[in-house]
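The structure appears below as structure tokens.
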Amino acid sequence: MAQLCSFGKEIKKRLVDIDKNQEWLIAQVKADTGLYFDSSYLYRILVGKIATPKIVSSIRRILDIAE
């Protein structure tokens, strides 16, 4: 598995803090954005391969992560 980027680490830490899993986050992002989003998409964000602005801002909003 590739190394998590710093944003990826923040996502993982917040999920642990609020006692939610990645599937929950995926469902929240889909509902919030109306965009296609799945576990492989999330993985690419966690390791820093992609950073789709709408998806990233949705994740930040849902998990309350500052810019």
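Would you point out the residue of the range 30-54, among those that are among the charged types (D, E, K, R) and farther than 13 Å from Gly8 by Cβ, that is most open to solvent (accessible area, probe 1.4 Å)? My answer is Lys54. Apart from one condition, Ala27 fits all of (1) in a helix (DSSP H, G or I); (2) in contact with a helix residue (DSSP H, G or I) (Cβ under 7 Å, 6 or more places away or on another chain); (3) among the aliphatic types (A, V, I, L, M); the exception is (2). Among residues of the range 1-30 that are at pLDDT 95 or above, those with a Cβ under 6 angstrom from a residue that is hydroxyl-bearing (Ser, Thr, Tyr), sequence gap 6+ or separate chain, pair up as Val29/Ser58.
The values are calculated or read from the model by the stated rules, or taken from the named source; none is laboratory data. Keep in mind that what you see is a predicted model, and the values were worked out from it rather than measured. Cβ coordinates were reconstructed from backbone atoms using ideal geometry, including for glycine residues, and neighbour counts include every protein chain displayed. The area values use the complete protein model at the heavy-atom level, side chains included, leaving out ligands, DNA and RNA. Shrake-Rupley method; radii C 1.70, N 1.55, O 1.52, S 1.80 Å.
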